[in-house]
Amino acid sequence: MKLHEYQAKALLARHGVTVPPGTAAHNVDDAVAAAEAFGGSFWVVKAQVHAGGRGKGRFAEVESPDVLARVVRGEADVPGKGGVQLCRSLDEVRAAAACMLGNTLVTKQTGIEGVVVKTVLVTTGADIASELYAAVLLDRSNSRILLMASSEGGTEIEEVAEHNPEAIVKVWADPITGLGAWQCRQLAYQLGLEGKTARAAAKMFRALYDTYLAIDASMVEINPLIITPEGGVVALDAKITIDSNAEYRQKEIASWYDASEDDPTEVEAASYHLNFIKLDGNIGCMVNGAGLAMATMDIIQQYGESPANFLDVGGGARTDQVKAAIKIITSDPDVRGILVNIFGGIMKCDVIAQGVIQAVAEVGLELPLVVRLAGTNVEEGKRLLRESGLSIIPADSMADAAEKVVAAVRAESSAGAK
């Protein structure tokens, strides 16, 4: 679960991270009022979308397709106004908010379709002496929490890793004792910080780690983490992702979830507790278990076609979940055939069969449907399918299922071409 920047900063501030004052606004008048309340003569208006590269992004309503394509390719120096705008007057704040709200921001990470901006963050401007990068995440290579930082803030960490890996310094928290204060100080000194700035940075690193633990994050990233001319350390930007498996105990944060930027089909699948990811192929897949799902996608590729989705119904799916899965697959106009591949352990093959039969009866499926069942209650499941009177193609093995669904899709395509 991704958070918007204003949400991430609110959580960071609760746990001792210094962030600039900011207010989320959903309309132009509120954005101007927020800037006026802060006072001063320098503000920043930032589009709140779940994508990086906002400052270099451009708005679809005012740019040509060629310009937007260049943005998606990540080409530098594309002229125009982006999703982060510096403002020196209230009129400029009003213009920036009007430019963003309700319009489609295209960045390198959104793809050409972009994302509609529904909220902006109005924050005070900052004086910057230098920029750092800091992040806390799980290092899966050694099963430890990693605190990493770089002196090259404001740059994507992937670029730093590729072109100047020496600029990235890392420390790992002990699984039992956690992150030591000495490690935070060590990290600050390795970045070349001294005196009160080093102490402030060490305190900040500890606060980032504490935030990560307290909110069940999968990533906390600050880019840039700025050093002010007075030697202060401030999280100027923030990106936080919450572990979805922990949403049940992070109820407040879970209530902040913004589904508007997610694929509607994936949102619907999640409402049925289905693991679904849209892909670019033409054969829809319904499988139980992530490993079997990956193997199913691989074998479809091996027989010459591509999967249209990853869909794992889990180990104990109910009939209504199976029906929902079939309906979600068939809602994709790119799907030309469906492969159901179930190995019944906890999952019972007769339950899968009942769900498939009900879904096909309700949807009125006209696509080729291949079903391979194995495991618990397999004979009963096969009997139900056989006696359903529906045009369901049975398969005995994964290879048999993949071969049959590919052949059926190609036959349909050939018939349509004629």
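Some points to look at:
- Per-region count, the stretch 34-56, residues of a type in the set (Gly, Ala, Ser), in contact (Cβ under 8 Å) with a residue 60 or more places away in the chain and not in a loop (DSSP other than H, G, I, E, B): 3
- Number of the condition not met by residue 374 [criteria: (1) of a type in the set (A, V, I, L, M); (2) out of contact with any strand residue (DSSP E or B) (no Cβ under 6 Å at 6 or more places or on another chain); (3) under 24 Å from residue 399 (Cβ atoms)]: (2)
- Every residue from the stretch 225-252 that is touching a residue at least 40 places away in the same chain (Cβ under 8 Å) and either under 17 Å from residue 312 (Cα atoms) or assigned by TED's automatic domain parsing to the domain that holds residue 319 (or both): 244
Conditions tested, residue by residue: (1) surrounded by 22 or more Cβ atoms within 10 Å (Cβ to Cβ); (2) without any contact (Cβ under 8 Å) to a residue 24 or more places away in the chain; (3) touching a helix residue (DSSP H, G or I) at 6+ places or on another chain (Cβ under 8 Å).
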residue	(1), (2), (3)
88	no, no, no
100	yes, no, no
112	no, no, yes
116	no, no, yes
131	no, no, no
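- Residue list for the stretch 323-347, restricted to those being surrounded by fewer than 20 Cβ atoms within 10 Å (Cβ to Cβ) and of a type outside the set (A, V, I, L, M, F, W, C): 327, 330, 331, 332, 333, 334, 344, 345
- Screening 263, 320, 312, 280 for residues that are buried (at least 16 other Cβ atoms within 10 Å of the Cβ), more than 25 Å from residue 139 (Cβ to Cβ) and among the acidic types (Asp, Glu) leaves exactly one candidate, 312.
- Residue count for the stretch 21-69 satisfying the condition of being over 20 Å from residue 104 (Cα atoms) and touching a Leu at 6+ places or on another chain (Cβ under 7 Å): 4.
- Within the stretch 33-55, being in contact with a helix residue (DSSP H, G or I) (Cβ under 7 Å, 6 or more places away or on another chain) and surrounded by fewer than 20 Cβ atoms within 10 Å (Cβ to Cβ) holds for 36, 50.
The values are calculated or read from the model by the stated rules, or taken from the named source; none is laboratory data. Just so it is clear, the structure is predicted and the values come from calculations on it, not from any experiment. Virtual Cβ from ideal backbone geometry, glycine too; neighbours counted across all protein chains shown.
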